[in-house]
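Take a look at the structure below.
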């Protein structure tokens with residue numbers, strides 16, 4: 001079959017089959033990767049307005065044909081840059097914003113959400129060490145510390 005006699009439908013079908021084959025091979029080798037939505041501290045206060053402006057200007061730019069130059073392109077670039085700047089600021093000050101959120105919850109008397117926030121910052125899923133000095137395992141580590149503190153706290157003997 002000559003290249004000139006192949007129709008565009010055949011080329012499109014071949015292209016789709018090739019893409020599916022590559023996707024299956026990639027998923028077999030690398031597995032599935034699903035992006036999880038991650039909460040950004042300070043989004044509502046600092047980023048939401050910039051995001052909506054950037055999204056609105058992007059849609060206007062897209063409706064205008066996606067020009068590379070002109071007022072639509074310039075507005076889209078400037079609002080996107082402002083959004084990215086706000087997002088970077090929130091990510092770089094994440095710990096400070098989380099601490100401020102906890103302080104606000106504590107000051108307002110919202111103890112349930114305060115402790116919920118504390119738990120989310122320290123989920124307790126940290127694994128315990130398996131070895132301390134020469135002690136191995138939970139029981140070995142516990143007996144090592146028990147012997148250590150017995151020696152410290154019982155250094156003076158009662159005389160009868």
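The values are calculated or read from the model by the stated rules, or taken from the named source; none is laboratory data. Every value quoted in this text rests on a predicted model; they were computed, and no experiment measured them. Here the Cβ is made from the backbone with ideal geometry for all residues, glycine too, and neighbour counts use every protein chain on show.
Got a sec? Which of 111, 92, 78 is modelled with pLDDT of 85 or more and exposed (fewer than 12 other Cβ atoms within 10 Å of the Cβ)?
92
So residue 56 clears everything in (1) in contact with a helix residue (DSSP H, G or I) (Cβ under 7 Å, 6 or more places away or on another chain); (2) in a helix (DSSP H, G or I) except one condition, right? Which one?
(1)
Residue by residue through segment 43-75, note down the ones that are buried (at least 16 other Cβ atoms within 10 Å of the Cβ) and within 22 Å of residue 100 (Cβ to Cβ).
Hits for segment 43-75 are 46, 47, 50, 51.
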